[in-house]
1. Go through the range B:101-142 and give me each residue that's modelled with pLDDT of 95 or more and either in a loop (DSSP other than H, G, I, E, B) or of a type in the set (G, A, S) (or both).
2. What pairs come out if I take residues in the range A:125-143 that are crowded, with 17+ Cβ neighbours inside 10 Å and pair them with residues that are part of a loop (DSSP other than H, G, I, E, B) and of a type in the set (D, E, K, R) whose C-beta lies under 6 Å away, six or more apart or interchain?
3. Quick check: anything in the range A:66-73 at the interface with chain B (Cβ under 7 Å from one of its Cβ atoms) and either closer than 28 Å to B:Q35 by Cβ or open to solvent by less than 50 Å² (accessible area, probe 1.4 Å) (or both)?
4. Are any residues in the range B:54-65 part of a loop (DSSP other than H, G, I, E, B) and within 9 Å of chain A (Cβ to nearest Cβ), and if so, which ones?
5. Got a number for residues in the range A:9-53 being more than 22 Å from B:G70 (Cα to Cα), open to solvent by less than 70 Å² (accessible area, probe 1.4 Å), part of a helix (DSSP H, G or I) and within 14 Å of chain B (Cβ to nearest Cβ)?
6. Among the residues of the range A:60-96, what is the count of those that are of a type in the set (S, T, N, Q) and in contact with a Gly (Cβ under 9 Å, 6 or more places away or on another chain)?
7. Name the residues in the range B:66-100 that are touching a residue at least 12 places away in the same chain (Cβ under 8 Å), outside any strand (DSSP E or B) and hydrophobic (A, V, I, L, M, F, W, C), would you?
8. Quick test for you: out of B:R75, B:R122, B:R93, pick the one residue that is touching an Asp or Glu at 6+ places or on another chain (Cβ under 6 Å) and among the charged types (D, E, K, R).
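The values are calculated or read from the model by the stated rules, or taken from the named source; none is laboratory data. Here the structure is a predicted model, which is why all the values come from computation and not from measurement. A quick note on method: Cβ atoms are made from the backbone with ideal geometry, for glycine too, and the neighbour counts reach across all protein chains shown. Just so you know, the surface numbers come from the protein's heavy atoms only, side chains and all, with ligands and any DNA or RNA stripped out. Shrake-Rupley method; radii C 1.70, N 1.55, O 1.52, S 1.80 Å.
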There are 2 protein chains.
Amino acid sequence: MQYYEDIEVGDTQEFGEYHVTKDEIIEFAEQYDPQPFHVDEEAAGDSAFGELVASGWHTAAMCMRLLVDGPLEDRASMGASGVDDLRWKQPVRPGDTLSIRTEIIDKQVSESDPNRGYVDSRLEGITQDGDVVISWIAHGMIARRNPGGD
Amino acid sequence: MQYYEDIEVGDTQEFGEYHVTKDEIIEFAEQYDPQPFHVDEEAAGDSAFGELVASGWHTAAMCMRLLVDGPLEDRASMGASGVDDLRWKQPVRPGDTLSIRTEIIDKQVSESDPNRGYVDSRLEGITQDGDVVISWIAHGMIARRNPGGD
């Protein structure tokens, strides 16, 4: 298991292949983001996007799945308090395959809770063509191996 | 249809009732965020949360659904470029009912595209008890009724 003490600023990882299908784009959007350009191919053709594209929240969720299966798999994660600078840079389309790239950009022990540390990390979601489609900076919490240590 | 010209800084709206179920929390998390505290009641009991809680991305997605059904319903939305200050303030639990509160905090015409304007809005997701569980600031794009006008 990977604890706060095992994480270093500058650590990077690349992970995963998430195959994006038309059916999943529509299924997610019908439940959570039923705007025409996410649920209706014909309406999407007439939209600013010109074609069916994934909800931005769906793109975030797919990248989260890659995070859980990859970088977070053996990490003593205690969740996250939030995300800054979430950007949808390019549309995600049926047939795309997403991977993620992560980098630890800051870490800090908690002043109020000796059992936890804070880790900031940058995520980029990337297509098979190398295009960055989404990015964010996450404020994660992680258990300490040695509570109260440095 | 509501265009850029129809939106005013300071406009606020409250909307919706989204009933959060255990089945939906688990279904979402099994697909997108299968950490123990989101998919397994017993493991969740031993976690920092002490009980099963919704994935933060699921909470965001439920609020997006309320946005689409409410404030965005008649708006000539062209999507969003991103979100800042996304914060998960309290856990969302089975049995909670979410509503949203939105406020327009800034608007600006595009300098490069006479057909679109930019609208920044703050969102809060709120439980039946009035607790704010999530908040963010969205950078939305919206069509102009009078392209090139002020």
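1. Answer for the range B:101-142, where residues must be modelled with pLDDT of 95 or more and either in a loop (DSSP other than H, G, I, E, B) or of a type in the set (G, A, S) (or both): B:G117, B:S121, B:G125, B:T127, B:Q128, B:D129, B:G130, B:D131, B:S135, B:A138, B:G140.
2. A:T127/A:D96; A:V133/A:K89
3. Checked against the condition, which is being at the interface with chain B (Cβ under 7 Å from one of its Cβ atoms) and either closer than 28 Å to B:Q35 by Cβ or open to solvent by less than 50 Å² (accessible area, probe 1.4 Å) (or both), the range A:66-73 yields at least one hit.
4. The answer is B:S55, and nothing else.
5. Going through the range A:9-53 one residue at a time, the tally reaches 1.
6. 2
7. Answer for the range B:66-100, where residues must be touching a residue at least 12 places away in the same chain (Cβ under 8 Å), outside any strand (DSSP E or B) and hydrophobic (A, V, I, L, M, F, W, C): B:L66, B:L67, B:A76, B:V92.
8. Result of the check over B:R75, B:R122, B:R93: B:R122.
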